[in-house]
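Heads up, the thing below is written out as structure tokens.
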Amino acid sequence: MTAPAAAASQAPTRPILSLRGISKNFGAVAALTEVDLDVAAGEVVAIVGDNGAGKSTLVKVLSGVHRADTGTVTFADREVTVASPADAHALGIATVFQDLALCENLNVIQNLFLGREVRRGRLDEVTMEIRSWELLRQLSAKIPTVRVPVASLSGGQRQTVAIARSLLGDPKVIILDEPTAALGVAQTAEVLNLIERLRDRGLGVIMISHNMEDVRAVADRVAVLRLGRNNGVFDAEAPTEEIVAAMIGASDNAVSRRASQRRREPREPREQSQPGEQSQPGEPRTPRQRKEEE
């Protein structure tokens, strides 16, 4: 696994978000142990790992749902504390969770401004509608009208609404938790295009995903978590087999270590008996010697 060194040489040197030594325990269970992560502006970093690797816990630590037990978070070159979702929002860290947290009975405008309505004595629906269209156009969203209930939208369109809502606070980093889960091919392509547009706007994007094809399509770097620990940072062009091996620990077991050791050990040439050569008494005879004796 030599990809981490190649990735480090290509990654920007000044990350906008940097984690060092992040650990989180739930009782006797260590969900995260000494996790490091760097994300730069205009970069998509994918976080991958098997079930139970700590991806969801890391997202919740960054979004302020859980507070890390140990470690430091540096944002825009200063050390910060993310003790609540309000802290994350104030810093400029927006999170779009897998369930999207949309109200299906409300229309697009109402979902975008839910809890952040524009008021001038009463609801200013005109201003909110104009702002909604501005956000959707920035993302090149394919939504015919903002007055339609979210329940009537496709999965990709709902993901677009959730991401557009996160942009209202002018964030610097957006965390997407399984953004293409349960989406069809066309809807997945729509969301992946959306992620590229976020990168083009200069935002740092953290993408949690199980789908390696989606990861390779948009990610600049791939950070692997295994059992709550870092297990490598790869360039997106690294072979999928190497990334998957790091995810499942295929390169960290007794069988693979023994096979690797055998490959490194020089093999001694095996001596072959010449025709008619007799073996010494007490030495095992080869099949060729037995045949010649017969």
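Read the figures in this text as sums done on the coordinates, not as results from a lab. Predicted, not measured: the structure shown is a model, and the values here were computed from it. Don't worry about glycine lacking a Cβ; one is built from the backbone with ideal geometry, like all the others, and counts go over all protein chains shown.
Need the full-extension length gain, GLN138 to ALA250, defined as separation in residues times 0.36 nm minus the C-alpha distance. One decimal, nm.
Fully extending the segment from GLN138 to ALA250 adds 36.1 nm.
Around ALA94, with a cut-off of 11 angstrom between Cβ atoms, what is the net charge of the other residues, counting Lys and Arg +1 and Asp and Glu -1?
Residues near ALA94 contribute +1 overall.
Report for region 89-204 the percent antiparallel among DSSP-assigned beta bridges with both residues inside it, nearest 5.
If we restrict to bridges inside region 89-204, about 40 percent are antiparallel.
Using only the Cα atoms of region 41-189, build the gyration tensor, take square roots of its eigenvalues as a ≥ b ≥ c, and label the shape rounded, prolate or oblate: rounded if a/c is under 1.5, else prolate if a/b is larger than b/c, else oblate.
oblate
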